[in-house]
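Asks: I have a structure I would like to understand better, so I am pasting it below and will then ask my questions one at a time.
The values are calculated or read from the model by the stated rules, or taken from the named source; none is laboratory data. Quick caveat: nothing in here was measured; it's all calculated off a predicted structure. Don't worry about glycine lacking a Cβ; one is built from the backbone with ideal geometry, like all the others, and counts go over all protein chains shown. Please note that ligands, DNA and RNA were not included when accessible areas were found on the heavy atoms of the full protein model with its side chains. Shrake-Rupley method; radii C 1.70, N 1.55, O 1.52, S 1.80 Å.
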Amino acid sequence: MVWARTKLLIWDYIFEPVKDLRIDIMGKTPEKFYPKINEQVRSIFNIPDAYVQEKKYKWEKGKDMESFEVEWEVTKVFDIFSYITVVIELKGFTINGEGKATIRLKPRLITEYPQDTIWQQNILYEMLRRFWHEAFYQKKRMEYLNTGKELLVSFEQSLKKYGQELNKG
């Protein structure tokens, strides 16, 4: 990630034109997805804890009812210019052990180019950067996009499999 005040940002949705993925699960103890998502994010994306931020946490418990709403932001850095950010939302409820959970995944590939210095704001620099981007870096970005797709499909499949295991047992 580039640390600059002014940046040129290029955003790509991982699954074009779909902007997010949604998994709906009905069955026993959907609140168990909270620790499972925490575990799977770190193992599948292979990132340290510092790159996973819990942005929202709301958990309400009643006598026979539980409702929850949690949101994470996950960042997988590829190089100095490109990274994937995934917003993961978990919402659901249980009544007497049965309930429903919805998991939404919002993945994006982001490329940042700094534009702080006079040289970086120069038209010659911009022409050279654009040539370098189109001739060399675009291929690398497409590799990152494919890697992101593979990671997200693997993450999605592991959550679906876990949902099936919860309903069996």
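Asks: Do the alpha carbons of any pairs in Lys28/Lys160; Lys32/Lys58; Lys55/Lys168 sit beyond 21 Å of each other, and which pairs?
Replies: Lys55/Lys168
Asks: Solvent-accessible area per residue for the chain at a 1.4 Å probe radius, Å²?
Replies: That works out to 59 Å² per residue.
Asks: Sort largest first and round to whole Å: the equivalent ellipsoid semi-axes of the chain, each the square root of five times a Cα gyration tensor eigenvalue.
Replies: Ellipsoid semi-axes (Å, largest first): 39, 16, 12.
Asks: Using the Cα gyration tensor of the stretch 87-159, with a ≥ b ≥ c the square roots of its eigenvalues, what is the shape: rounded (a/c below 1.5), prolate (a/b larger than b/c) or oblate (neither)?
Replies: oblate
Asks: Then there's this: Zone of Lys28 (label point 7 Å along Cα→Cβ, backbone N under 15 Å): which residues in the stretch 85-105?
Replies: 95-100
Asks: Quick check: at a probe of 1.4 Å, how many percent of the accessible area of the stretch 1-147 sits on carbon and sulfur atoms?
Replies: 55
Asks: Next question. Search the structure for amide H atoms under 5 Å from the amide H of Gln120, placed 1.01 Å from N in the peptide plane, and list their residues when 5 or more places away or on another chain.
Replies: Correct list: empty.
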